[in-house]
Amino acid sequence: MLLIFPIIILILILIALSLFLRGNRRYSPIEFYARAKEVGFSVPEANLIKRTAALAECDDPTNVFWSIRELDTVIRSLTQQYRKDGVDKKRDTVLFMEKLYDFRKKLEFEQPKYHLGIRSSRMIRMNQRVKILLPVLGVMHATVMENTDRCIIITLPSGSRLPANFVWKGHQVSVYFWRQDDAGYVFDTYILEELRVRNIPVLQLGHSDSLFRTQKRKSLRVRSQLPAYLYLLKHLYGAYEKPERVPGMKCIVQDISEDGAAILIGGKAKVGMQVKIQVWLDDDQIVLSGVVKGSEYQAAKNQSQLHIQAMQPSPRMRNLIRSHVYNTREQRSSNGAVFDETVFYSK
């Protein structure tokens, strides 16, 4: 009992000290440093964050550790200052910025929208891209045209050559799709009917209330339509981030993240290829190496969309990509890159 009173007195003293230090200000230094320590920042790092927040006119520096908007403001200010001082490529600077971006990512995925899932195929939205797995044909691609109480109407799947006189009706299929701001899903169902809607061949799929939620999103991407070069690699390791001096195969980068990219090329490509991508985002040259995890061939255009899973970039390259994904650059991209809170499909 005697030990309880000193502890209570100490707690009251700390509370009083916190209120005293707060004064007319809208924050408490004790709260600020306690929160900084809680999320993994040292005292010198916390001091730098507080000074930067003050220069950015943030009313309460503690909000930097809770608010994505204010954290982005601090990251943007630090990025501009480091570039101005010419220290943005120094090891200590790169590691500190990586720490800030890791925390930024953590705050992002703590938002409720990333934890809400669906249980029924009735909740699939129109224009959702899906993969249809039929054992006799393999994996094909389709788009949801309409979702009614009775069935899901999808475009006729493409990607495999159909046997002569093939009939879709009655086949059991597995349906895979990636739900934006959520995760991947898969369910089994039957093809109810093959017909034409507005003179377009479609399939009717039965509903399922047993959706299995697969991999969750791990990173955000920046969407774009940027010209780039693609190179075939014999080995992923080595100079995987060293820019090539000669042009490679022309391609279009449709989205990019720290985990990979989606690109558009002419012709067909095989899953499993090891490749390198070089693309300019504003004044930053991004170089990623990885493995083709998915390929969607469009016969009408003789084009393939490749989903590339990247090997882990270096801290500096990862920070460069994140600065565009989170739009923490000095100016918004002017070369076609557009921020989009969606995730790269193949993680």
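Conditions tested, residue by residue: (1) of a type in the set (G, A, S); (2) at pLDDT 90 or above.
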site: S28; (1), (2): yes, no
site: E38; (1), (2): no, yes
site: R51; (1), (2): no, yes
site: E57; (1), (2): no, no
site: W66; (1), (2): no, yes
message: So N127 passes all but one of these: (1) in contact (Cβ under 8 Å) with a residue 60 or more places away in the chain; (2) on the phi > 0 side of the Ramachandran plot. Which condition number does it fail?
response: (1)
- prompt: If we keep just the residues of region 170-183 that are farther than 11 Å from K131 by Cα and part of a strand (DSSP E or B), which is modelled with the highest pLDDT?
  reply: Q172
task: Please find, within region 169-196, the residue that is nearest to L116 (Cα to Cα) out of those that are buried (at least 18 other Cβ atoms within 10 Å of the Cβ) and over 27 Å from the mean Cα position of the chain (by Cα).
output: T189
message: Consider region 271-322. How many of its residues are more than 18 Å from L236 (Cβ to Cβ), touching a residue at least 40 places away in the same chain (Cβ under 8 Å) and basic (K, R)?
response: 2
task: Go through region 219-248 and give me each residue that's surrounded by 15 or more Cβ atoms within 10 Å (Cβ to Cβ) and closer than 17 Å to S289 by Cβ.
output: S219, A228, Y229, L230, Y231, L233, Y240, E241, G248
task: Determine, yes or no, whether R213 is within 18 Å of G294 (Cβ to Cβ) and surrounded by 14 or more Cβ atoms within 10 Å (Cβ to Cβ).
output: no
message: Out of K268, K276, K301, I need the residue that is touching a Phe, Trp or Tyr at 6+ places or on another chain (Cβ under 9 Å) and at pLDDT below 90. Which one?
response: K268
- prompt: Taking V167 and the conditions (1) over 16 Å from Y190 (Cβ atoms); (2) assigned to a loop (DSSP other than H, G, I, E, B); (3) in contact (Cβ under 8 Å) with a residue 12 or more places away in the chain, which numbered condition does it fall short on, given that it satisfies the others?
  reply: (1)
- prompt: Which strands (runs of 3 or more DSSP E) sit wholly inside region 257-299 and have at least 1 residues that are buried (at least 22 other Cβ atoms within 10 Å of the Cβ) and of a type in the set (G, A, S)?
  reply: 260-266, 284-298
message: Need pairs with beta-carbon distance below 6 Å; first residue in the same structural domain as C151 (by TED's automatic domain parsing) and among the small types (G, A, S) and within region 186-209, second part of a loop (DSSP other than H, G, I, E, B) and surrounded by fewer than 16 Cβ atoms within 10 Å (Cβ to Cβ); sequence gap 6+ or separate chains.
response: none
task: Among the residues of region 112-138, count how many are more than 20 Å from the chain's Cα centre (by Cα), assigned to a loop (DSSP other than H, G, I, E, B), at pLDDT below 90 and under 16 Å from F177 (Cα atoms).
output: 1
message: Among the residues of region 284-298, are any at pLDDT 90 or above and farther than 26 Å from D102 by Cβ?
response: yes
message: The conditions are (1) of a type outside the set (A, V, I, L, M, F, W, C); (2) outside any strand (DSSP E or B); (3) exposed (fewer than 14 other Cβ atoms within 10 Å of the Cβ); (4) in the same structural domain as L205 (by TED's automatic domain parsing), and E146 fails exactly one of them. Which is it?
response: (2)
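The values are calculated or read from the model by the stated rules, or taken from the named source; none is laboratory data. Fair warning: this is a prediction, and the values are worked out from it, not measured in the lab. All Cβ positions, even for glycine, are placed from backbone atoms using ideal geometry, and neighbour counts span all protein chains on display.
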